1. Provide the packing ranking of 17-23, 36-42, i.e. peptides ordered by the mean count of other C-beta atoms within 10 Å per residue, highest first.
2. Under the 0.36 nm per residue contour assumption, what length would be gained going from the current alpha-carbon distance of Met94 and Phe34 to full extension?
3. Can you run phi through the Karplus equation (6.51, -1.76, 1.60; θ = phi - 60°) for the stretch 41-57 and list ³J(HN,Hα) in whole Hz, with x for Gly and Pro?
4. Explain nothing, just the number: relative contact order of the stretch 8-68, from Cα pairs under 8 Å at least 6 residues apart, as a whole percent.
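Only the coordinates and a few stated rules stand behind these numbers; no lab work does. Computed from a predicted model, the values in this text were never measured in an experiment. When we count neighbours, we look across all protein chains shown, and the Cβ atoms used for this are built from the backbone with ideal geometry, even at glycine.
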Amino acid sequence: MINPCLLRKNTRRVSQSLTLPYNKVRFLLTERPFSLRAIGRDVTVYDYPDGRLEIRYQGALLTYTTFDTLRRVNRPDLVENKRLSATLETIMRMEAEGAPKPRPPAIGDHYPAAPRPGTCLAKGLS
């Protein structure tokens, strides 16, 4: 029997999609009639010292699955990014060599400026 002093109890609100966050993990409750009654209401999360978790609503145990919100980088993802680093090195080398950079278009490049009233161009004089 686990000492109740070591047990942590927290309340969490169940979302419309039957999920609730706890300890950086999102829990998805199994869709059952009793679980549906918990939507928008507070449930109690029992965190045992041995690592077990229980989610209860009105004393009844709810079943759930977990969705880890912390992303982990896999080693194959790092290997594929080596190609990206080679491309970035090429771009940095081109910039260091002084490769011409494209100039952003100026206002007059697309739309010729209209002559201001009172000037020779506005009167048709050149």
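1. By packing density, highest mean first, the sequence is 17-23, 36-42.
2. Additional length available on full extension: 15.2 nm.
3. For the stretch 41-57, the Karplus curve yields 10, 7, 10, 9, 9, 9, 10, 8, x, 7, x, 6, 10, 10, 10, 10, 10 Hz.
4. 38 percent
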